[in-house]
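I have placed the structure first, in the form of structure tokens, so that the comments after it can refer back to it.
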Amino acid sequence: WESAPSGRLSWESPWGRGRPGWHVQDFAFVQKHLGPPIDIYTGGVDLVFPHHESEILMARAVLGRPMSRFWMHNGHVTYEGRKLSKSKGVRIELRDMFKRYGGETVRFYLLQSHYRNQTHFTEEAMKLASVRFGRIRDAWRSIAAAVDGDGAITAHLAGPGPADAIWARLLAHMEDDL
């Protein structure tokens, strides 16, 4: 329950005039449309308290079980030095980023840091990501061109060897909070 801004929809209650907090809506949406528990619930680090903690408590009280198996909180995202904030009008649309830089470049940029760290979008950083991803794409094309019809390179890489140790390390890191 939260107090409502003057002139906004609200009701009298034992706790004073107000309205349900928005985290009630998220819980209701998940319960109605997704059927808890869902696998992953995400949000910014600023939503841990009180929003996500309230949703966790509501699910336990109403359902007797968790609403989500995993709760992941990303660091803030900035664009040209300003924190993205829908309420403050600081926003970028992914579709615009995809049109401008291409989806692969945007995904490559986002994968360069841990999801809980802040992400700083700048024109310079996106141009650099485009160049770096271009190098990876070019290397991949060179490898693909070198593969003869029987997939000799793929077969060679699939066998046991140093790649197995790298794969095991990757899986260990994925099991430890990505």
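The values are calculated or read from the model by the stated rules, or taken from the named source; none is laboratory data. Not measured: the values here are computed from a predicted model. Just so you know, the surface numbers come from the protein's heavy atoms only, side chains and all, with ligands and any DNA or RNA stripped out. Shrake-Rupley method; radii C 1.70, N 1.55, O 1.52, S 1.80 Å.
Overview of results
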| read-out | value |
| --- | --- |
| Test: H73 is at pLDDT below 90 and either small (G, A, S) or over 30 Å from R135 (Cα atoms) (or both) | no |
| Single residue of F49, F27 found to be part of a helix (DSSP H, G or I), open to solvent by 50 Å² or more (accessible area, probe 1.4 Å) and at pLDDT below 90 | F49 |
